[in-house]
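> After the structure tokens below, expect a handful of questions from me.
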Amino acid sequence: MIDVGKSILEPINILSSKSRGLRVFIKRDDLIHTYVSGNKWRKLKYNIEVCISLKKSGILTFGGAFSNHLLATASACNQFGFKSIGIVRGEELDVNSNSTLGKCASLGMKLVFVSREEYKHKNEKVYHELLSLDYPNYHIIEEGGANYYGVIGCQEMMAEIDECIDHVFVAQGTSTTSCGILISLNTNQFLHVIPILKGYKSISEMKSLISKCGIDELLVNNLLTQVEVLDQYHFGGYAKYNSDLINFIDNFYKETNLKLDSVYTGKVMFGMVNELKKTKYDNSSVLFIHTGGIHDV
Ligand SMILES: Cc1ncc(COP(=O)(O)O)c(C=O)c1O
């Protein structure tokens, strides 16, 4: 069994939390690995196990030009002696287009650049079958690690925490991480998700992904009542930001020495700090999941 290693839990003192009986913790998944940091290791762990058990040649997966998931997959495959193939959105790109792609290539990932039109088929079974003809014996993982094994890996996060937690705040891209966390919550805990894509249908995406884990529909609907979607903190959408966000990230770093990125964790922390000003959070324990995303490629 691959050992991802536990991540540490750190208390932080924000918003005069002590005087309000508010306790805030950060789950430092960002410290798990240099490139496979944060939720990436959690999502890849059981996918790597599958490759080992089924004697696969490697992993084939999908991503955009700056995909943390592609980099994490390249690195994990390199570490475990598997080949890796990244199907990249954008035929105009090449390995020199940016440092993420360059690092993927240097870790041995074969990058296949496809048109945006072709990339739209990324989740279709027929497309996967066609790719399997070109690249036989590869384990195919959906974009962002959004498969059953990814959810099951993310489910392990909460089990590492000894503190009693009432509220969890986490970023949402494909929902894999938030689904894993949700299915591991007790019935009195709440999950606050911050989608970083504008117009993302959080609840229906979560419903469809959790259903893939074989959970009964009634139970899925029950679980979803523990979710609050905070869709006002995406700052315009994926990789969009403004000076408020950047100033917030800079000031947060000065105050706490904690690094946040402007695509995912910065938006979640911005949203969480804003939400925690509400008195309904007094006398509760809150957890921020640091999903990583910061690495010098
Ligand atoms: C740093 C970071 N945080 C959060 C997410 C979103 O996670 P998910 O796609 O599981 O919703 C990602 C994407 O994988 C990410 O790279």
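The values are calculated or read from the model by the stated rules, or taken from the named source; none is laboratory data. Computed from a predicted structure; not experimentally measured. Note that we place each Cβ from the backbone using ideal geometry, even for glycine, and neighbour counts take in every protein chain shown.
> May I ask you to list the residues in segment 134-185 that are within 18 Å of T61 (Cα to Cα) and aromatic (F, W, Y)?
Across segment 134-185, the qualifying residues are Y135, Y138, Y148, Y149.
> Of V114, V88, V168, which residue is β-branched (V, I, T) and either assigned by TED's automatic domain parsing to the domain that holds L209 or more than 16 Å from S67 (Cβ to Cβ) (or both)? Spell out how you get there, then give the answer.
Values: V114 fails: either assigned by TED's automatic domain parsing to the domain that holds L209 or more than 16 Å from S67 (Cβ to Cβ) (or both); V88 fails: either assigned by TED's automatic domain parsing to the domain that holds L209 or more than 16 Å from S67 (Cβ to Cβ) (or both).
Being β-branched (V, I, T) and either assigned by TED's automatic domain parsing to the domain that holds L209 or more than 16 Å from S67 (Cβ to Cβ) (or both) holds for just one of V114, V88, V168, which is V168.
> Another question, if that's okay. Identify, from the list I165, I196, I246, the residue that is touching a residue at least 60 places away in the same chain (Cβ under 8 Å) and over 26 Å from T73 (Cβ atoms).
On the way: I196 fails: over 26 Å from T73 (Cβ atoms); I246 fails: touching a residue at least 60 places away in the same chain (Cβ under 8 Å).
After ruling out the rest, the residue left standing is I165.
> From the list K55, K83, K103, exactly one residue is among the basic types (K, R) and in contact with a Lys or Arg (Cβ under 8 Å, 6 or more places away or on another chain). Which is it?
Working: K55 fails: in contact with a Lys or Arg (Cβ under 8 Å, 6 or more places away or on another chain); K103 fails: in contact with a Lys or Arg (Cβ under 8 Å, 6 or more places away or on another chain).
On inspection, the qualifying residue turns out to be K83.
> If you take the residues in segment 36-60 that are at pLDDT 95 or above and polar (S, T, N, Q), which one is farthest from C104 (Cα to Cα)?
Once the filter is applied, the top-ranked residue is S53.
> Let me ask something additional. Name the pairs: first residue in segment 96-110 and farther than 16 Å from G293 by Cβ and outside the structural domain of A76 (by TED's automatic domain parsing), second residue modelled with pLDDT under 95 and of a type outside the set (D, E, K, R), Cβ to Cβ under 6 Å, at least 6 apart or on different chains?
none
> Might you let me know whether segment 48-63 holds any residue that is surrounded by fewer than 21 Cβ atoms within 10 Å (Cβ to Cβ), touching a residue at least 12 places away in the same chain (Cβ under 8 Å) and touching an Asp or Glu at 6+ places or on another chain (Cβ under 8 Å)?
no
> Could you check how many residues of segment 150-178 are within 8 Å of the ligand (Cβ to nearest atom) and of a type in the set (A, V, I, L, M, F, W, C)? Walk me through how you get there before you give the answer.
Going through segment 150-178, the residues within 8 Å of the ligand (Cβ to nearest atom) turn out to be 150, 154, 170-178.
Next, from what is left, pick out any that are of a type in the set (A, V, I, L, M, F, W, C): 154, 170-171.
Summing the residues that are within 8 Å of the ligand (Cβ to nearest atom) and of a type in the set (A, V, I, L, M, F, W, C) in segment 150-178 gives 3.
> Going by what's in this entry, would S75 be described as out of contact with any helix residue (DSSP H, G or I) (no Cβ under 7 Å at 6 or more places or on another chain), surrounded by fewer than 16 Cβ atoms within 10 Å (Cβ to Cβ) and of a type outside the set (A, V, I, L, M, F, W, C)? It would help to see each step written out before you state the result.
Working: out of contact with any helix residue (DSSP H, G or I) (no Cβ under 7 Å at 6 or more places or on another chain): yes; surrounded by fewer than 16 Cβ atoms within 10 Å (Cβ to Cβ): no; of a type outside the set (A, V, I, L, M, F, W, C): yes.
So S75 does not fit the description; no.
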